[in-house]
Amino acid sequence: MTLYTSTVVTPRPRSRAWATFGENTAYALGLPILLLVIWGIWSSISSAPFFPSPLVIAEAFVETWVGPAFFADVLPSLGRLAISIVLAVVLGIAVGTVIGLVRWLRELLEPIFEFFRAVPPPVLIPIVAVLVGANDTMKVVVMVTGAVWPVLLNTIEGVRATDSVMTETARSFALTRGERLRYLVLPAASPRIMTGVRQCLSIALILMVISEMFFSSSGLGYQIVFFQRNYLIAQMWSGIVLLGLIGVLLAVIFGFVERRVLRWYHGIKEVERA
């Protein structure tokens, strides 16, 4: 008796990675390209001097920012922006966690927070300049003062909303305060914290430009205002384009970090949607 065995080979499903990548790229670049084409056609039939064509702005972009200006204006601005974002995120999470855990402290500070949150940071520039001087520290302080609020308030709400059942369960297992903070409170508050960080990025970018418009002789904000006051329109638009590209870069970095920090959260959401 002979035993014949056979192996059924099933075709491997074709990977859709490249198809998905192409589809996402088409969605990301389709509308910007369409807008650029419309802008180019409109600028070719219109003689508006304040709206040059995309090709003129591209030439001005290369001539203005690719060269010494990149090291004299762009890199210092990006350095101050990075320092301000890190300080705002660290300060907001640390202070927000403490306030969120202590109920009486939260109730005591809430009216003060509502007052200072309503104060626009640009009006503080003269005061900060008097206190710390008209230097890079002043710009960083202004950016941190405005960008810290979304992280701080979202951290407070995230910590305060920690599931009480999970908290009691952690206490019943005799977890220390540090272990509860590390394994329960901060993970539970992380979706709200990341929402605050996303808002913090855009606010810090706006305040970077505003802070460089005062008491400054370099930086992106200073250069854009200089081009505007001297009617260098194409150069001014190139600075605005550069700010938009910096915003896109911040969004890409944030998305990369968020997918790793909130991997568990997105997994739960996918299971709920299935």
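The values are calculated or read from the model by the stated rules, or taken from the named source; none is laboratory data. Just so we're clear, the structure is a prediction, and the values are computed from it rather than from any experiment. When we count neighbours, we look across all protein chains shown, and the Cβ atoms used for this are built from the backbone with ideal geometry, even at glycine. We work out accessible area using only protein heavy atoms, side chains counted, and drop any ligands, DNA or RNA first. Shrake-Rupley method; radii C 1.70, N 1.55, O 1.52, S 1.80 Å.
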FRET efficiency for Thr20 and Met213, using Cβ-Cβ distance with R0 set to 35 Å, rounded to 0.05 | 0.25
Classify the chain as rounded, prolate or oblate, taking a ≥ b ≥ c as the square roots of the eigenvalues of its Cα gyration tensor: rounded when a/c is under 1.5, otherwise prolate if a/b is larger than b/c and oblate if not.
-> oblate
Any idea which of Thr145, Thr64, Pro52 is furthest toward the positive side of the dipole for region 43-192, if Lys and Arg beta-carbons carry +1 and Asp and Glu beta-carbons -1?
-> Thr145
Average accessible surface area per residue within the chain, 1.4 Å rolling probe, Å² = 65 Å²
Helix-only [θ] at 222 nm, the chain, -39500 (n - 2.57) per DSSP H run of 4+, per residue, nearest 500, equals -25000 deg cm²/dmol
Compute, for Phe51, the solvent-accessible surface of its heavy atoms (probe 1.4 Å) with the complete set of protein chains present, and express it in square angstrom to the nearest 10.
-> 90 Å²
Residue of Leu91, Leu245, Leu108 that the Gaussian network model of the chain assigns the largest fluctuation, springs spanning Cα pairs under 10 Å | Leu108
Which of these, Phe21, Phe115, Phe254, has the largest mean-square fluctuation under a Gaussian network model of the chain (Cα springs below 10 Å)?
-> Phe21
Whole-Hz Karplus couplings 3J(HN,Hα) for region 259-268, θ = phi - 60° and coefficients 6.51, -1.76, 1.60, Gly and Pro as x, run 4, 8, 5, 9, 4, 5, 5, 5, x, 5
GNM on the chain, Cα springs under 10 Å; top mean-square fluctuation among Arg106, Arg263, Arg80 goes to Arg263
Which shape class, rounded, prolate or oblate, goes with region 14-109 when its Cα gyration tensor gives a ≥ b ≥ c as root eigenvalues, a/c under 1.5 marks rounded, and past that a/b bigger than b/c marks prolate?
-> prolate
With a 1.4 Å probe and every protein chain kept in, tell me what percent of the accessible surface of the chain is carbon plus sulfur.
-> 69 percent
A chain fully extended from Ile112 to Thr195 at 0.36 nm per residue, minus the present Cα-Cα distance, gains in nm 27.6 nm
